[in-house]
Amino acid sequence: MSHMPTVAIVDDDEAVREALGDLLMVSGLACECFEGAAEFLAARRVRQFDCLVTDIRMPGMSGIDLIERLRDERAGLPVIVLSSVLDEATRSHALAIGARAWLTKPVTDEHLLGALAQAIASSGSSSKR
Amino acid sequence: MIEPAGLFAGLAIGVAMGALAWRRHAEPHIHADEAIHPGDRQAIAQAEARAFCSGVPQVVSYRQRSPRHGWRWHKYRAEPAYSSNVTVRPLVHDPHEDWALATSLGETGDAVNAAKIIEDVYGSAFAFDAEGRFTYATPMAQTSLAMTLDDFNEPLSDAAFLDGGDLGWKKGVHPADYDGASAELRRCMRSGTPFNYEYRVLRATGEYVWHRFAIRPARADDGRVTGWYGTGFDVDVFRRTDAALHESERSLRELLETAPALIWCMTPSGRPIYFSRHMREFLGFDVAAKDEPDVPRLQSLLGAIIHPDDLDRVNERLDHSLRTGAPYALTHRQRRFDGTFRWVETRLAAMRDEAGEIVQWNGVCLDIDDQIRAQDELRQAQDKLAKAGEAASLAQLSASIAHEVNQPLAAIMTNAQACQRWLAGDEPNIARARGIVDRIVRSAESAADIVSHIRALFQKSAGPRRSTDLGALVGEVRDLLAEPFAQSRTSLDIRLAPGLPPVAIDAVQIQQVFVNILRNAIEAMAASPEGSRKLRLEGAVERGRIRIDIADTGPGLADPDHALEAFFTTKVHGMGMGLAICRSIVEAHGGPLRANNVEPTGARFTFTLPIAKGGED
């Protein structure tokens, strides 16, 4: 069965979640939005996601914590960071612990969709193996 | 005839005659010598001598014993006007005096008479003839020297004394002193002038003792010198004291010369008269080297060595000290021998006599260039650190502002791009696009909200108000600023009215207000003279609030009306945010922050703080 890739979006800002959801929808991707890392982790127990787009600075669990958690769980889920954080140390740390891409807000649709396509492709090839 | 030559002779003869006159005049008043108290006899003799020398009657008190009343005080008046022709005891050839008096006095009768008068007073005298042969010497003197008249006169060479020959008394003079003494005596004897000289005499005990000799000529009526008479005093103790004084003076001078400071002295009117060796070495010249005609030495000197930028200050302060006698202390730049200017600390104080009159100004100059440079470097390092701290907090602040504003901006961008995609296809999805445009509007509104919220953050504080003791808060502020206060030599005078009630404030923010205003004042006074950097902080209850006044003595605010606006600064470095933030904080506590200038100079910041509930009783 042709599986429609599903993207998880974690961002504490509702406006950003809605906008991203709409952009992915119009681009032919299924997506589910979460206002925090904890909500996403709960949903992940029952559903499968092909890619995660997460903010860094969030109340509760931060984006970095979330990426570390996924790495520790060997989830194999490609993660794209989309954040306003400009701190270089945080960026390299995120990339070092497994984030596929680090995009800075505001982001152009081409950049975001390109990164998503790459991440999903790699995820698909790894799951076939 | 006796010629009283010079003060010494006058006094000697005066005293001698006084003693003689005493016997003569005293007869009518005083019946017996025993009636005069022994302790007062000398006073009477001295009064006679003074009367003789000065020509003015002298009055002294003395005690006299009367059979009925015992010792009683009387006045004695010594008259100057008595005959100068004094009768002296006749010269008697007493058999037992043979060894004291030459067999033949020759022409020296007058000289011997004079010698005997002097002996009466001083206990010792001698006389010799025009060729230098002794005809009289006090027996005591001969005994203490263990030399008789014959011993004195024994020829030691063929030549006469006046022709350079030596007589026996040479043996009684210290070898190192004899040539000088004998040459001077020959000179005086040839020219008929008084002899005053000091040399060491060999006592019978074998020790050399310093004596001062005074010898005068006696002349015949035609003025010819008929003989010489004189006496010698033991001045050994005086010489030793004198030598000790010289030594202590020399060592003091040596101390001045070698002290590791630049030392100089000025007259009471401010004319430099002495540079110590270090001072001369520092400047490369001595005290008179820069003298110019018609210019006071101090002026030409200051012009040559003081840095042009410091000259006015130095002149002003020196002038003040010279006028008032107040001590002087100033740090300024001074030109060294090699032309470089060094920072020195100059201190000057008046040396006064017992009456309080200034007799000299003594100054010390310390080269503190290295210290000043080290301080400067330290200050610069601290400034850099402070700026770095400011920049860091600014970076933090802007990062959080950027994050806040970026969220809606990101949403707007993504929304707009999604919208474009909904409208791009063959069948544009107008409904979805409209929905997105609504969200874009909402995001834009929220961005605007954030901006105004940030503005509000600068204007109003939402921090919790706690009851705070103002005295403790001000104390903390003073501790926080102890370093800049000490470094800038600024004094802080805190005057809080007694029993001030606690205030309801956000203590961290109000502390920031105090720190900002005080720091601003310290910087404003940096160019003021060191002693005048004063800050006063006052606090008192006024119309149900506590009013705070902070006044400095700096140059004041160039534009008090705009001083509190953001980005307004007269400082070369600085964002101009400090006072603007102070105003926001103070206004958030319910009162305005005012800035104005005060007389004669300085700026004053005034604000009020709310009194805590229940703190007003």
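Some values worked out for this structure:
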{"quantity": "Estimated FRET transfer efficiency (residue B:277, residue B:299; beta-carbon r; R0 25 Å; 0.05)", "calculated": "0.55"}
{"quantity": "Descending principal axes extents, chain A, alpha-carbon based, whole Å", "calculated": "42, 31, 25"}
{"quantity": "For residues of B:439-449, the mean tally of beta carbons on other chains within 10 Å", "calculated": "2"}
{"quantity": "Residue order, fewest to most beta carbons within 10 Å, for B:318, A:95", "calculated": "A:95, B:318"}
{"quantity": "Distant-in-sequence amide H partners of residue B:306 (H built 1.01 Å from N, under 5 Å)", "calculated": "B:335"}
{"quantity": "In order through segment B:65-77: 3J(HN,Hα) via Karplus (6.51 cos²θ - 1.76 cosθ + 1.60), integer Hz, x for Gly, Pro", "calculated": "9, 10, x, 8, 10, x, 6, 9, 7, 10, 9, 10, 10"}
{"quantity": "Label point distance in nm, residue A:65-residue B:483, each placed 7 Å from Cα along Cα→Cβ", "calculated": "3.6"}
{"quantity": "Average beta-carbon neighbours from other chains, 10 Å sphere, peptide A:23-32", "calculated": "3"}
{"quantity": "Gain upon complete extension [residue B:494, residue B:267; 0.36 nm per residue less C-alpha separation]", "calculated": "77.4 nm"}
{"quantity": "Rg ratio (alpha-carbon, reference 2.2 N^0.38 Å) - segment B:259-367", "calculated": "1.01"}
{"quantity": "Cβ-placed point charges (K, R +1; D, E -1), dipole of segment B:95-239 about Cα centre in debye, nearest 20", "calculated": "400"}
{"quantity": "For segment B:110-117, Karplus couplings with θ = phi - 60° (6.51, -1.76, 1.60), whole Hz, Gly/Pro x", "calculated": "4, 4, 5, 4, 4, 4, 5, 5"}
{"quantity": "Mean projected area in nm² (Cα convex hull; one quarter of hull surface) for segment A:30-88", "calculated": "4.3"}
{"quantity": "Sites residue B:370 and residue B:541 - FRET efficiency at Förster radius 45 Å, r taken between beta-carbons, to 0.05", "calculated": "0.30"}
{"quantity": "Averaged over A:9-19, number of beta-carbon atoms from partner chains that fall within 10 Å", "calculated": "6"}
{"quantity": "Label-point separation in nm, residue B:286 to residue B:527, each point 7 Å along Cα→Cβ", "calculated": "4.4"}
{"quantity": "Label-point separation, residue B:251 to residue B:512 (7 Å along Cα→Cβ), nm", "calculated": "6.6"}
{"quantity": "Ascending count of other beta-carbon atoms within 10 Å, so fewest first, for B:312, A:50", "calculated": "B:312, A:50"}
{"quantity": "In sequence order, calculated HN-Hα J values of segment B:215-224 (Karplus, 6.51, -1.76, 1.60; Hz; x Gly/Pro)", "calculated": "10, 10, x, 9, 10, 7, 4, 7, x, 5"}
{"quantity": "Segment B:95-239: translational diffusion in µm²/s, Stokes-Einstein, Kirkwood Rh over Cα pairs, 20 °C, 1.002 mPa s", "calculated": "141"}
{"quantity": "Binned Cα-Cα distances of segment B:265-304, short to long, each 10 Å bin given as a whole percent", "calculated": "32, 58, 11"}
{"quantity": "B:423, B:537 arranged by Cβ crowding within 10 Å, fewest neighbours leading", "calculated": "B:423, B:537"}
{"quantity": "Assigned charges on the beta-carbon of Lys, Arg, Asp, Glu; chain A dipole about Cα centre (debye)", "calculated": "720"}
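Values in this text are rule-based calculations from the coordinates and carry no lab data. Since the model is a prediction, treat every value here as computed from it, not as a measurement. All Cβ positions, glycine included, derive from the backbone under ideal geometry; neighbour counts span all protein chains shown.
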